[in-house]
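*Asks:* Take this structure first; my questions come after.
The values are calculated or read from the model by the stated rules, or taken from the named source; none is laboratory data. Source: prediction; values computed, not measured. A quick note on method: Cβ atoms are made from the backbone with ideal geometry, for glycine too, and the neighbour counts reach across all protein chains shown. Accessible surface is based on the protein model in full, side chains and every heavy atom, while ligands, DNA and RNA are left aside. Shrake-Rupley method; radii C 1.70, N 1.55, O 1.52, S 1.80 Å.
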Amino acid sequence: MTHSIARVSNTKQQIRFVLVIFLLISAIEIINLLTGRVLNQLGTIPRYVPGLRGIVLGPFLHGSLQHYFSNIIPLCIFSYLLLQYGFKRYIQLTIWIILITGFLVWLFGRPATHIGASGVIYGYFGYLVLAGFLSGKFKLMLISVLVAFFYGGLIFSILPTTPFVSWESHLFGFIAGLAGAKLWAKPSP
């Protein structure tokens, strides 16, 4: 694990890692598109036991090309910014957000198939906005300010304003990200 952490510690390696994420999500999107979106049945379906698999699989699936494009850019930008906290933290937080968001959507979401990376994006957003201030480190506080400034409008999508959009994933992702910041962003001594 130490070797992997060292491999993602500089800017060039971080960009390569984000490119791998981009290629993985894009490959899944192409397969899903070519199969008539058959993979979307693997999304999270609240309070339906087979729908539990969507907790892990749903974030990798998208309902349309527009859905894919609206998620892939912020996912890559936030992934790069989150890598500034370290590779281990990136992996830890990503798993936390996927599991907590997915489980809360499964418990409390409206009856629908919930798919897309937006729950992860909102989790990263919540973490990035809060964690920099909690860390007490100038570089990370600057990231928090920039994310809040450029992406602050995301906060309005945690409310049920648009049909066919999983605002529940947005809300629970954001909460999971804030909780992750509270748990793991340590203040400077």
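*Asks:* Kindly list, by first and then second residue, each pair from a residue in region 26-44 that is on the phi > 0 side of the Ramachandran plot to a residue that is part of a helix (DSSP H, G or I) and not small (Gly, Ala, Ser), limited to pairs with Cβ atoms under 6 Å and residues at least 6 apart or on different chains.
*Replies:* Matching pairs, first to second residue: none at all.
*Asks:* Another one. Closer than 20 Å to Gly119 by Cβ and in a loop (DSSP other than H, G, I, E, B): which single residue out of Arg53, Arg47 fits that description?
*Replies:* Arg47
*Asks:* Still on this structure, I have one more. Taking the stated definitions as given, is Leu140 part of a helix (DSSP H, G or I) and open to solvent by 40 Å² or more (accessible area, probe 1.4 Å)?
*Replies:* no
*Asks:* For region 106-125: of the residues being more than 19 Å from Phe78 (Cβ to Cβ) and either part of a loop (DSSP other than H, G, I, E, B) or among the aliphatic types (A, V, I, L, M) (or both), which is least open to solvent (accessible area, probe 1.4 Å)?
*Replies:* Step by step, filter region 106-125, then rank; the result is Gly109.
*Asks:* Another question about this same structure. Could you identify the single residue in Leu93, Leu128, Leu52, Leu57 that is under 28 Å from Lys182 (Cα atoms), open to solvent by 10 Å² or more (accessible area, probe 1.4 Å) and touching a residue at least 40 places away in the same chain (Cβ under 8 Å)?
*Replies:* Criteria check complete, one pass: Leu52.
*Asks:* Just the residues that are open to solvent by 50 Å² or more (accessible area, probe 1.4 Å) and part of a helix (DSSP H, G or I), please, taken from region 154-183.
*Replies:* Residues satisfying the conditions are Ile155, Phe156, Trp167, Ile175, Leu178, Lys182, Leu183.
*Asks:* Run down Leu23, Leu39 and say which single residue is in a helix (DSSP H, G or I), under 26 Å from Phe78 (Cβ atoms), open to solvent by 80 Å² or more (accessible area, probe 1.4 Å) and modelled with pLDDT of 95 or more.
*Replies:* Just a single option satisfies the conditions, and that option is Leu23.
*Asks:* While we're here: Quick check, is Ile73 part of a helix (DSSP H, G or I), touching a helix residue (DSSP H, G or I) at 6+ places or on another chain (Cβ under 6 Å), among the hydrophobic types (A, V, I, L, M, F, W, C) and at pLDDT 95 or above?
*Replies:* Answer is no for this residue.
*Asks:* Say we look at region 56-70 and pick out the residues that are within 16 Å of Ala27 (Cβ to Cβ), among the aliphatic types (A, V, I, L, M) and assigned to a helix (DSSP H, G or I); which of these is farthest from the chain's Cα centre (by Cα)?
*Replies:* Looking at the filtered set, the residue picked out is Leu65.
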